[in-house]
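Peer 1: Input: one structure, supplied below.
The values are calculated or read from the model by the stated rules, or taken from the named source; none is laboratory data. Since the model is a prediction, treat every value here as computed from it, not as a measurement. Note that we place each Cβ from the backbone using ideal geometry, even for glycine, and neighbour counts take in every protein chain shown.
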Amino acid sequence: MLFNDRLKKEREKRGWSQTDLAEKIHVSRQSVSKWETGKNYPSIEVIINLSDLFGITIDELLRSDKELKEKVIQDSKQLAYPKWKVFFDSIFLLGVFLIVAKLIIAGLNYFIGTNIIISEGLPKVTTNFLPLILMIVGGIGSDQLKNKYID
């Protein structure tokens, strides 16, 4: 039996509405609805609470739902290098910010007639390619680290 079917069966067996269950585990009724329709899955903390509330094992809730089981396993893993991942994500976002700022300034200069100078004293190569280089380095670094987990 899939998790969504099991959840609905256990809830209805006790005569609870989705709102009743939501209040008992401190989530929204919409969350319970999404879990019961299979549109979303709860976090491991909520699964533990549901297990305790229904008096059934976590194994009984998860065993037959392969997709949920994989989600729980993935959620329980910890990144091996979380600080480096944040660093590379930040470098990528800095590159995006610089490109957006450059486009806004170029648009203001072109459409409104302002005379904002982007790089006075900086080489053109720096202002033209630095954002792109930051985005590439940040993207590659972040991508390399996103699937490295602590064993």
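Peer 1: From W16, W84, which residue is aromatic (F, W, Y) and either farther than 30 Å from V137 by Cβ or in contact with an Asp or Glu (Cβ under 6 Å, 6 or more places away or on another chain) (or both)?
Peer 2: On the way: W84 fails: either farther than 30 Å from V137 by Cβ or in contact with an Asp or Glu (Cβ under 6 Å, 6 or more places away or on another chain) (or both).
Of W16, W84, the one residue that is aromatic (F, W, Y) and either farther than 30 Å from V137 by Cβ or in contact with an Asp or Glu (Cβ under 6 Å, 6 or more places away or on another chain) (or both) is W16.
Peer 1: Right, another one. Can we say K34 is over 26 Å from the mean Cα position of the chain (by Cα), surrounded by 13 or more Cβ atoms within 10 Å (Cβ to Cβ) and not β-branched (V, I, T)? Walk me through it before giving the result.
Peer 2: Details: over 26 Å from the mean Cα position of the chain (by Cα): no; surrounded by 13 or more Cβ atoms within 10 Å (Cβ to Cβ): yes; not β-branched (V, I, T): yes.
Against the criterion (over 26 Å from the mean Cα position of the chain (by Cα), surrounded by 13 or more Cβ atoms within 10 Å (Cβ to Cβ) and not β-branched (V, I, T)), K34 does not qualify.
Peer 1: Restricting attention to the range 11-21, which residues are outside any loop (DSSP other than H, G, I, E, B) and under 20 Å from I58 (Cβ atoms)? Don't jump to the end; show me each part of the working.
Peer 2: First, the residues of the range 11-21 that are outside any loop (DSSP other than H, G, I, E, B): 11-13, 18-21.
The answer is R11, K13, L21.
Peer 1: For the range 92-103, state whether one or more residues are at pLDDT below 90, exposed (fewer than 14 other Cβ atoms within 10 Å of the Cβ) and in a helix (DSSP H, G or I).
Peer 2: No; the residues of the range 92-103 include none that is at pLDDT below 90, exposed (fewer than 14 other Cβ atoms within 10 Å of the Cβ) and in a helix (DSSP H, G or I).
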